[in-house]
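What follows is a short report on a single structure.
The values are calculated or read from the model by the stated rules, or taken from the named source; none is laboratory data. Note that this is a predicted model, so its numbers are computed, not measured. Here the Cβ positions follow ideal geometry from the backbone for every residue, glycine too, while neighbour counts run over all protein chains shown.
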Amino acid sequence: MSIKPDRWIRKMALEYGMIEPFVEEQVSEGVVSYGLSSYGYDVRIADEFKIFTNLNSTVVDPKDFDPRSLVDFKGKVCIIPPNSFALGRTVEYFRIPRNVMTICVGKSTYARCGIITNVTPLEPGWEGHVTLEISNTTPLPAKIYAFEGIAQILFFESDEECERSYADKRGKYQYQKGVTLPRI
């Protein structure tokens, strides 16, 4: 298994629709950078968010998640409360080949401000918008800029296809669009 460079990512995006929409070069002037980088692709966060609230004093339970724990927000700038988090989704839609595994990691620009994007894999055969959890680890409100970079996707290609892909397993997050809550 090897990490893939920009020319491989460009080819897979343009010829096979692996990333849509696809930005062929890094955009960085006046924004948190996004687009194709040397060994990955910097994704953008869309303008739809679900911001965590403790209004209902419920317990956070991944097996029985209470959607009332989140407030829907749409806008160019999302303010995440201190020591809280928001869910968002990528602008980009992904179609991961059967012989590729990806890892999504947060961008250092946000990390240097105490804003962490949770690490998550995109499995072989998975397709959809990526739902991301963005944590504000600071005691102050934090800004997230829609349509700018939020995380980087690293691509690892195997010499052979997996035996059973995410699509084959009928994974619960297959073809997700919009911000998707936890499912069991």
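Quick notes on this structure:
- Condition met for SER69 (surrounded by 16 or more Cβ atoms within 10 Å (Cβ to Cβ), without any contact (Cβ under 8 Å) to a residue 24 or more places away in the chain and within 29 Å of LYS169 (Cβ to Cβ)): yes
- Residue within the stretch 47-61 that is within 29 Å of GLU160 (Cβ to Cβ) and either part of a strand (DSSP E or B) or under 19 Å from the mean Cα position of the chain (by Cα) (or both) present: no
- Residue within the stretch 134-146 that is under 20 Å from TYR41 (Cβ atoms), surrounded by fewer than 16 Cβ atoms within 10 Å (Cβ to Cβ) and in contact with a strand residue (DSSP E or B) (Cβ under 8 Å, 6 or more places away or on another chain) present: no
- Strands (runs of 3 or more DSSP E) (entirely within the stretch 74-118) containing at least 1 residues that are farther than 18 Å from LYS143 by Cα, in contact with a Ser or Thr (Cβ under 9 Å, 6 or more places away or on another chain) and in contact (Cβ under 8 Å) with a residue 12 or more places away in the chain: 84-95, 100-106
- Qualifying residue in the stretch 35-46 (condition: touching a residue at least 60 places away in the same chain (Cβ under 8 Å), assigned to a strand (DSSP E or B), among the charged types (D, E, K, R) and farther than 23 Å from PRO97 by Cα): no
- Top-ranked residue of the stretch 94-117 - restricted to ones that are touching a Leu at 6+ places or on another chain (Cβ under 8 Å) and farther than 14 Å from THR131 by Cα, ranked as surrounded by the fewest Cβ atoms within 10 Å (Cβ to Cβ): MET101
- Tally, over the stretch 146-167, of residues that are of a type in the set (Phe, Trp, Tyr) and assigned to a strand (DSSP E or B): 2
- Top-ranked residue in the stretch 103-137 [being modelled with pLDDT of 95 or more, within 16 Å of GLU92 (Cβ to Cβ) and among the polar types (S, T, N, Q); ranked as nearest to the chain's Cα centre (by Cα)]: THR131
- Members of the stretch 8-47 that are within 21 Å of GLU127 (Cβ to Cβ), surrounded by fewer than 13 Cβ atoms within 10 Å (Cβ to Cβ) and in contact with a Pro (Cβ under 9 Å, 6 or more places away or on another chain): TYR16
- Verdict on PRO182 being at pLDDT below 95, surrounded by fewer than 17 Cβ atoms within 10 Å (Cβ to Cβ) and out of contact with any helix residue (DSSP H, G or I) (no Cβ under 6 Å at 6 or more places or on another chain): yes
- Condition check for VAL32: outside any loop (DSSP other than H, G, I, E, B) and among the hydrophobic types (A, V, I, L, M, F, W, C): no
- Scanning the stretch 125-145 for residues that are of a type in the set (S, T, N, Q) and part of a strand (DSSP E or B) gives THR131, SER135, ASN136.
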